[in-house]
1. Among what's in the range 48-78 and is in a strand (DSSP E or B) and in contact with a Lys or Arg (Cβ under 7 Å, 6 or more places away or on another chain), pick the residue that is farthest from SER13 (Cα to Cα).
2. Here are the criteria: (1) modelled with pLDDT of 95 or more; (2) of a type outside the set (A, V, I, L, M); (3) over 9 Å from the mean Cα position of the chain (by Cα). Tell me which single one ARG58 does not satisfy.
3. Being aliphatic (A, V, I, L, M), under 13 Å from CYS83 (Cα atoms) and crowded, with 16+ Cβ neighbours inside 10 Å is true for just one of LEU35, LEU59. Which residue is that?
4. Step by step: first the residues of the range 13-45, then only those that are touching a residue at least 40 places away in the same chain (Cβ under 8 Å) and in a helix (DSSP H, G or I), then the one that is farthest from SER2 (Cα to Cα). Which residue is that?
5. Scan the range 1-11 for residues that are surrounded by 16 or more Cβ atoms within 10 Å (Cβ to Cβ) and in a loop (DSSP other than H, G, I, E, B) and jot them down.
6. Which ones in the range 1-30 are of a type in the set (D, E, K, R) and under 13 Å from MET42 (Cα atoms)?
Amino acid sequence: MSCTVRIASPLRSYTAGAAVVPATGDSVTEVLADLEQRFPGMRFRMIDEQHRIRRHIRLFVNTTEVTALSQPVGNGDTVHLICALSGG
């Protein structure tokens, strides 16, 4: 399936500044693999060594928060990659 991925500003260094990129995949795992192939190192910023979403990252397919990387992605969906802000 073909989808649109909206990239959070802290991750745009991987996409040469692009805020929106196309991707393919039937699940969030496959979409992230497609992004990793084109933008090496990006997946590691979002997914840890145990294949879990990092605590400071939120992923959404359209308006539904991703709780499992196996979550389906449909043709025309938008995947949002969001980084939490921190500081004090």
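The values are calculated or read from the model by the stated rules, or taken from the named source; none is laboratory data. Every value quoted in this text rests on a predicted model; they were computed, and no experiment measured them. Ideal geometry is used to build each Cβ from the backbone, glycine not excepted, and the neighbour counts take in all protein chains shown.
1. Of the range 48-78, the ones in a strand (DSSP E or B) are 53, 57-61, 64-65, 72, 78.
Keeping just the survivors that are in contact with a Lys or Arg (Cβ under 7 Å, 6 or more places away or on another chain) gives 65, 78.
Values: GLU65: 24, THR78: 20 Å.
Top of the filtered list is GLU65.
2. That leaves (3) as the condition not met.
3. Working: LEU35 fails: under 13 Å from CYS83 (Cα atoms).
On inspection, the qualifying residue turns out to be LEU59.
4. Filtering the range 13-45 for residues touching a residue at least 40 places away in the same chain (Cβ under 8 Å) gives 23, 25-31.
After this cut, where a residue has to be in a helix (DSSP H, G or I) as well, the list is 28-31.
Numbers: VAL28: 12, THR29: 14, GLU30: 11, VAL31: 9 Å.
My answer is THR29.
5. Filtering the range 1-11 for residues surrounded by 16 or more Cβ atoms within 10 Å (Cβ to Cβ) gives 3, 5, 7-8, 11.
Residue satisfying the conditions is ALA8 alone.
6. Looking only at the range 1-30, we keep the residues that are of a type in the set (D, E, K, R), and these are 6, 12, 26, 30.
Result: ARG12, single match.
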